[in-house]
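Before anything else, here's the structure in question.
We did not get these values from a lab; they are worked out from the coordinates using the rules stated. All figures in this text were calculated on a predicted structure; none of them were measured in a lab. Virtual Cβ from ideal backbone geometry, glycine too; neighbours counted across all protein chains shown.
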Ligand code: SF4
Ligand code: SF4
């Protein structure tokens, strides 16, 4: 099992989540972050850190965001790891 970053993360990147992950399994995409499904240990530490509730246990992922399971798996392979908090993306 793993945790999944879903649609509410798009455009946010406050990245409070990445700082607390004990196994550094967040990866930085253009518009959001992704969790590597084989690295996540389901510790739940990141879940309360996200201000927009974008992170779900795979079993609790709302139906409309099921495609994010594959997206997290794919993008976490392609993107660079992110372990430090960043400034939020600009609005423009
Ligand atoms: S805190 Fe939430 S919205 Fe922000 S980068 Fe992390 S998962 Fe995405
Ligand atoms: S559940 Fe734990 S191990 Fe998985 S991404 Fe969140 S902080 Fe990292």
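Normalising by the residue count of the chain, find the relative contact order in percent from Cα pairs under 8 Å and 6+ residues apart.
45
Among 1, 32, what is the fewest-to-most ranking by other Cβ atoms within 10 Å? Kindly include the intermediate steps, with their values, before the conclusion.
Details: 1 10, 32 23.
Ranking 1, 32 by Cβ neighbours within 10 Å, fewest first, gives 1, 32.
Can you give the direction-averaged projected area of the convex hull of the alpha-carbon atoms in the chain, in nm²?
Its average projected convex-hull area is 5.4 nm².
Tell me the label-point distance for the pair residue 87, residue 7, using the 7 Å Cα-to-Cβ offset, in nm and rounded to one decimal.
Taking the simple label geometry, residue 87 and residue 7 are separated by 3.0 nm.
Give me 39, 87 ranked fewest to most by other Cβ atoms within 10 Å of their Cβ, as a rough exposure proxy.
87, 39
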